[in-house]
Amino acid sequence: MTTTGEVEPLTKTYYRIIAAELGVQSHQVAATADLLTAGATVPFIARYRKEATGSLDEVSVSTVRDRLEQLAELDKRRQAVLRSLAERELLTEDLRGKLQAAATLTEVEDIYLPFRPKRRTRATIAHERGLEPLARWLFAQDGGMDSPLVAAYGATAGPAAGTPAASTAPSEPTSPPVALPARPAATPAELLAAAAAFVDAERGVPTAEDALAGARDIIAEWVNEDAAARARLRLLFSHRGAMVSHVGRGKEEEGVKFRDYFDWQEPASTAPSHRVLAMLRGEKEGFLVLRVEPPEEEALQLLEQQFVTGRGPASEQVRLATEDSYRRLLGPSLETEARVELKRRADEEAIRVFAANVRELLLAPPLGQKAVLAVDPGFRTGCKLAALDAQGNLLEHDTIFPHQSERLRTAAGERIIQLVSEHDLEAVAVGNGTAGRETEAFLRTLDLPSSVVVVMVNESGASIYSASDAAREEFPDHDVTVRGAVSIGRRLQDPLAELVKIDPKSIGVGQYQHDVDQPALRRALDDVVMSCVNSVGVEVNLASRQLLSYVSGLGPQLATNIVAHRIANGPFGSRAELRKVPRLGPKAFEQAAGFLRIRDASNPLDASAVHPESYPVVEAMAHDLGCTVPDLLHQPALRAQIDLNRYVTDTIGLPTLTDILAELARPGRDPRERFEAFSFAPGIEKLEDLEPGMRLPGIVTNVTKFGAFVDVGVHQDGLVHVSKLANRFVRDPAEVVKVGQSVEVSVLEVDLKRKRISLSMREPSNDATSGTRA
């Protein structure tokens, strides 16, 4: 402990706190913290440092990182408060102890509140007018000046006495001290008589009633700054608070999209994130008036139980002061806190759902390295075509007009068949935007080889990519329409490699993503993208700069350097050659190497997830069996003879050895599921084609807390409410569906005017409106 009141970092305490929250041991948290401090990334720690962390997964490692930062912020604020108090000579040993024991920022702020430098308030004005002695006298109530309340609030030094926090001693009247009875008055007349002694027109106290009002202002501030009172009311807001919204004056017609909340009330503790964010947006846009409030009667009762200790006139003054404090100071302050906490909780849930959806989209099954014809559909401006080779390189592009006349339709078909034949294309990727379904239907009429699959591709964000710096850098001589078509084709070949080029917020699987805490969202999405990229692995000789930048230990600059080195010197022949890349030092190599793949390298382990630091142990295994490393990769019988316990050392334990053995069985395995082509129901292309009772195939495009949105091929996603996701109760839609999943749905209702489709995934026998399949 320093003389200024600073506290040393509570590292070990933090480890214990986090360990208890995660249900792990403190040494696991400590080891993880040490690795993070040394610059290790979350994927690297989770994959290659299992011995140190006790096999903590990415979620746990991320939690350790985030909680350490939160606790460090708490410690930083605690030290700032201690310094402030010490500099103003207000720091006592009691205060120091309370601040050191505070476990949250809220506790720290509650303790500091009476001492915080503040603006001129009604209470400070009353202090200046010499009314604090009257306030203390009233506060004593029936207990006299020996009352515990006076002992707590009536000290003669520091803000706890009710003095301005900016002062170091209580404000005293400049006139001679007033002699007050030892106990508060027994009647209203005696109370007024005592208060009359403080009347001083020159000091702004013209009447006894004014003196009492000023004393009540001082008491109201004491009540507001009482940590115990704030804690009790905070719990009341948390457990019994309600979100109450009403339509703004004159906004009934304009705010139609918020109609559900024009007269709405629900418990704040159980309000789902999407409704909280919807109401907050409605308030921000001026359509709603929103309050968060507990039952006022209960709030006032809690305060009276704490502060009103008698039944006489003085106690009535204290009761009036507590009521004023709640309505003017404490209530609004805690409502602001409650709203901040509601927003934080809603943001956290919305970000979690969004991140989960992005993960599913990024890890969607890839078609793989196959040549593709990409089609960006359009009516008036035509369909943009882009022929791509198996590596996604643009071979040729064109524009066709299959939706304008029979002559142009015939020419369009001939051109597509020609491109497929000339470039040996194996699939056709069709964007699902405007004219997507019509173009898909047209393509299915063509005499294409039976091996060529036609696939609808979600094109959300493709237009953003086509106008980005990355697209201009990649295709400087082509316009946005060509770039957009290329992006659609590459999404089919490898969704992950293409989607990392755009901001995940633009992918279209979020909810209120522009309303939530943006730094928190950015971090969560970066974590998800990095996790996905590193779990799949990256072909270093094929990867774009954007994809490489998400590899553990790299980043934009090193990714740029790798691509530049590849262009200047040709493909990398081994992982070891990465050390020649400018500024890619030993630490970056350690972090990145295991996630980078080099196909056809001289060392077959370079194409696997086995880290170079573990090559010697694999070579030792091969040596002991009298074979080569390639033999180990290709012969299961040899791997079955390996006794992992023989290779345990101080640095490599069974967790890593088990991973190595699994990797030898399937080196460089792509963890993504196998690609399966999906087709919408023929003849269902627009809203008007839908009828209640139809049973249709669909693709899940978004998962929210209230259900899932499903594309059935009509340019408007339908909603499967959470109650219609299964024949059982579903608490979380993510338990049943995920983005990109193929499902079968029944059409329940079609609202053409509002362009809304209600769907069900329950078995037909459980939906009265379901009928035959379309």
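The values are calculated or read from the model by the stated rules, or taken from the named source; none is laboratory data. Predicted, not measured: the structure shown is a model, and the values here were computed from it. Every residue, glycine as well, gets a Cβ built from its backbone with ideal geometry; the counts of neighbours run over all protein chains shown. We work out accessible area using only protein heavy atoms, side chains counted, and drop any ligands, DNA or RNA first. Shrake-Rupley method; radii C 1.70, N 1.55, O 1.52, S 1.80 Å.
Quick notes on this one:
- In the full protein context, the chain carries 47 Å² of accessible surface per residue, based on a 1.4 Å probe and ignoring ligands, DNA and RNA.
- Residues of type aspartates and glutamates that Lys686 reaches as a straight line, Cα spacing below 15 Å, ignoring anything fewer than 8 places off in the same chain: Glu438, Glu440, Asp711, Asp717, Glu749, Asp751
- About its Cα centre, segment 705-770 has a charge dipole of approximately 240 debye under the convention of +1 per Lys or Arg Cβ and -1 per Asp or Glu Cβ, with nothing else charged.
- Cα long-axis angle, helix 208-224 against the chain (0 to 90 degrees, to the nearest 10): 40
- In order through segment 707-721: 3J(HN,Hα) via Karplus (6.51 cos²θ - 1.76 cosθ + 1.60), integer Hz, x for Gly, Pro: x, 10, 9, 10, 8, 10, x, 10, 6, 8, 5, x, 9, 9, 5
- Members of Lys343/Lys705; Lys50/Lys738; Lys12/Lys76; Lys501/Lys738; Lys257/Lys753; Lys705/Lys755 lying beyond 18 Å, as alpha-carbon distances in this model show: Lys50/Lys738; Lys501/Lys738; Lys705/Lys755
- Sparse-neighbour loop sites [GluC sites (Glu not before Pro); segment 654-732; at most 10 other C-beta within 10 Å; DSSP]: Glu676
- Overall size of segment 288-344 from C-alpha positions, given as principal axis extents largest first: 43, 17, 15 Å.
- Shown for segment 341-490 is the translational diffusion coefficient from the Stokes-Einstein equation, using the Kirkwood radius over Cα pairs, a temperature of 25 °C and a viscosity of 0.890 mPa s: 149 µm²/s.
- Counting only protein heavy atoms and a probe of 1.4 Å, the accessible surface of the chain is 52% carbon and sulfur.
- Each Lys and Arg contributes +1 and each Asp and Glu -1, all at the Cβ; summed about the Cα centre of the chain, the dipole is approximately 260 debye.
- log10 of Debye I(q)/I(0), alpha-carbon scatterers only, for segment 219-359 at 0.14, 0.21 Å⁻¹: -0.73, -1.15
- 3J(HN,Hα) couplings calculated from phi for segment 98-105 with the Karplus curve 6.51 cos²θ - 1.76 cosθ + 1.60 (θ = phi - 60°) are, in sequence order, 5, 5, 5, 7, 5, 9, 9, 4 Hz; Gly and Pro show x.
- Farthest positive-ward along the chain dipole, Cα basis, beta-carbon charges - from Leu394, Leu290, Ala195: Leu394
- Averaging 1/r across all pairs of distinct Cα atoms in segment 290-408 and inverting the result yields a Kirkwood radius of 21.4 Å.
- When shorter helices are ignored and each DSSP H run of at least 4 residues is given -39500 (n - 2.57), the per-residue value for the chain at 222 nm works out to -13500 deg cm²/dmol.
- Each peptide among 69-75, 473-479 gets the average number of other Cβ atoms lying within 10 Å of its residues, and from highest to lowest they stand as 69-75, 473-479.
- Peptides 288-301, 703-716 ranked from most to least packed give 703-716, 288-301, packing being the mean of other C-beta atoms within 10 angstrom over each peptide's residues.
- When the charge dipole of segment 195-345 is built from unit charges on Cβ atoms (+1 for Lys and Arg, -1 for Asp and Glu) and taken about the Cα centre, the candidate among Pro272, Ser315, Gln305 whose Cα reaches farthest toward its positive end is Pro272.
- When Rg and the Kirkwood Rh are both derived from Cα coordinates, the Rg/Rh ratio for segment 635-774 amounts to 1.26.
- Within the same chain, lysines fewer than 8 places from Lys370 are excluded, and of the rest, none has a Cα less than 19 Å from its Cα.
- Scattering profile of segment 584-703 at q = 0.09, 0.18, 0.21, 0.22 Å⁻¹ [log10 I(q)/I(0), Debye over alpha-carbon scatterers]: -0.44, -0.97, -1.24, -1.32
- Under a model in which nothing but the beta-carbon of Lys, Arg (+1) and Asp, Glu (-1) is charged, segment 298-358 shows a dipole of about 60 debye around its Cα centre.
- Note, ³J(HN,Hα) from phi for segment 334-341, Karplus 6.51, -1.76, 1.60, rounded to Hz, x at Gly and Pro: 6, 5, 4, 4, 5, 5, 4, 5
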